[in-house]
Amino acid sequence: MSQERKVIIIGSGPAGFTAAIYAARARLEPLMFEGDEPGGQLMITTDVENYPGFAEGVTGPALMEVMRKQAARFGTEIITKKVTKVDFSSRPFKVWEGSKEYQAQTVIIATGATAKLLGLESEKRLMGKGVSACATCDGAFFRDVEVGVVGGGDTAMEEALFLTRYASKVYVIHRREELRASKIMAERAMHHPKIEFVWNAAVEEIHGEKEIESVTLKDTVKGTTSKLKLQGLFIAIGHRPNVDVFGKDIEKHETGYIKTVPGSTRTSVEGVFAAGDVQDPTYRQAVTAAGTGCMAAIEAERWLEAQGQ
């Protein structure tokens, strides 16, 4: 067992790295487990044009590298391994990486969320090259072209409506003949002149070498296939927060996202804070994740002071 820490940060990405920067500058000597996919979802984002401070834009991996260096510069100890178990039942809190146990007075959870994808090899290969899981992040790159949105819930309708600001046409591809979206969102999408619905269709393959050229759709009723020319494909079938390791140690919403006290990053466990996409199903942006990372570090520092530490 290693020495007891003031702060352990679980996860990296904008939330984790920002929390680390603030905690390190507050002389809390944070220990970060950045996981086996350091940097989170931004590592599969080619161009980021909406993060403040980068007038010419920046790639997702480059942004994460700068944040990581900044966190390390102020003294954050970074372990590029995944936390395999936690125990928040008593303080000091216990965190394990394999068989190695670490202890901390406070924990900041910044494990993020993972976009649910179709599971195609071509989807993985073309991610960031026409395939995206975030219209708000990437929509502006698809001006005056035809794009597709996969999904039938509120998120898919929101993505489709947002994309109409840029794309010349938006196809909503849904595997059933009725939407799961709320009535108001469905009606907005259905009445939009730029949106066309492709019912009973599943994306079977995405074609293109360096960028998307078309997709093969399979009719879920008849079993027949057809091709649809597209220059962009947005997967909007939901996100899954990365919370498996926490089990019942912490309170979550029905959707799996960690519950935090409104206006703060405090969780159901006193001394444990959650930042970024793991507690945010609404915005899911790098800048909002960074903001909550800042909040979590400040709240952890104040909580430690209140405990006389």
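Within the chain, what percent of beta bridges assigned by DSSP are antiparallel, to the nearest 5?
Rounded to the nearest five, the antiparallel share is 45 percent.
Return the sequence-ordered ³J(HN,Hα) values of region 138-147 in whole Hz as given by the Karplus equation 6.51 cos²θ - 1.76 cosθ + 1.60 applied to θ = phi - 60°, using x for Gly and Pro.
Going residue by residue, I get 10, x, 5, 7, 10, 6, 6, 10, 8, 10 Hz, with x marking Gly and Pro.
Could you tell me how many degrees, from 0 to 90 and to the nearest 10, lie between the Cα long axis of helix 60-73 and the main elongation axis, the longest principal axis, of the Cα atoms of the chain?
The answer is roughly 10 degrees.
If amide hydrogens are placed 1.01 Å from N in the peptide plane, which non-local residues have theirs closer than 5 Å to the one on residue 268?
251
State the antiparallel share, in %, of DSSP beta bridges confined to region 117-235, rounding to the nearest 5.
Antiparallel bridges make up about 40 percent of those DSSP assigns within region 117-235.
Is the shape of region 162-309 best called rounded, prolate or oblate, per the rule: a/c under 1.5 gives rounded, else a/b larger than b/c gives prolate, else oblate, with a ≥ b ≥ c the square roots of the Cα gyration tensor eigenvalues?
Because a/c hits 1.5 or more and a/b exceeds b/c, region 162-309 counts as prolate.
Taking the Cα centre of region 22-159 as origin, sum charge times position over the Cβ atoms of Lys and Arg (+1) and Asp and Glu (-1), and report the length of that vector in debye to the nearest 20.
The calculation lands at about 780 debye.
Report, in listed order, any pair from 6/259; 100/252; 82/252; 169/227; 169/229 with a Cα-Cα distance greater than 18 Å.
Result: 6/259; 100/252; 82/252 exceed 18 Å.
Taking the 0 to 90 degree range and rounding to the nearest ten, how far is the long axis of helix 286-306 tilted relative to the main principal axis of the chain, both from C-alpha atoms?
So the inclination is approximately 20 degrees.
Using the Karplus curve 6.51 cos²θ - 1.76 cosθ + 1.60 with θ = phi - 60°, what ³J(HN,Hα) values do you get for each residue of region 19-25, in whole Hz, with x for Gly and Pro?
Result, rounded to whole Hz: 4, 5, 4, 5, 5, 5, 5.
What is region 15-86 by shape, rounded, prolate or oblate, if you read a ≥ b ≥ c off the alpha carbon gyration tensor as root eigenvalues and call it rounded for a/c under 1.5, prolate for a/b larger than b/c, and oblate otherwise?
Note, shape of region 15-86 comes out oblate.
Which FRET efficiency, nearest 0.05, do residue 177 and residue 210 yield, Cβ-Cβ r, R0 30 Å?
Result of the calculation: an efficiency of 0.30.
I'd like the distance separating the alpha-carbon centroids of region 86-151 and region 57-71, in whole Å.
Measuring centre to centre over Cα atoms gives 16 Å.
Would you kindly compute the Cα radius of gyration of region 137-195 and its largest Cα-Cα separation (Dmax), both in Å?
Using the Cα atoms of region 137-195, the pair Rg, Dmax is 10.7, 30 Å.
At a 4.7 angstrom Cβ threshold, list every cysteine in the chain that has nobody to pair with, or say none.
294, each lacking another Cys Cβ under 4.7 Å.
For the chain, just the Cα set please: Rg and Dmax, both in angstrom.
Computed over the Cα atoms of the chain, radius of gyration and Dmax are 21.0, 68 Å.
Excluding residues on the same chain fewer than 8 positions from residue 69, give the lysines whose Cα lies under 19 Å from its Cα.
81
Report Rg/Rh for region 70-205, rounded to two decimals, where Rg is the Cα radius of gyration and Rh the Kirkwood radius.
1.15
For a test of the definition: using alpha carbon positions, the gyration tensor, and the 1.5 limit on a/c, classify region 1-123 as rounded, prolate or oblate.
Cα axes put region 1-123 in the oblate bin.
Any read-out appearing in this document is the output of simple, stated calculations on the displayed coordinates, not a laboratory observation. All of these numbers come straight from a predicted model, not from anything done at the bench. Don't worry about glycine lacking a Cβ; one is built from the backbone with ideal geometry, like all the others, and counts go over all protein chains shown.
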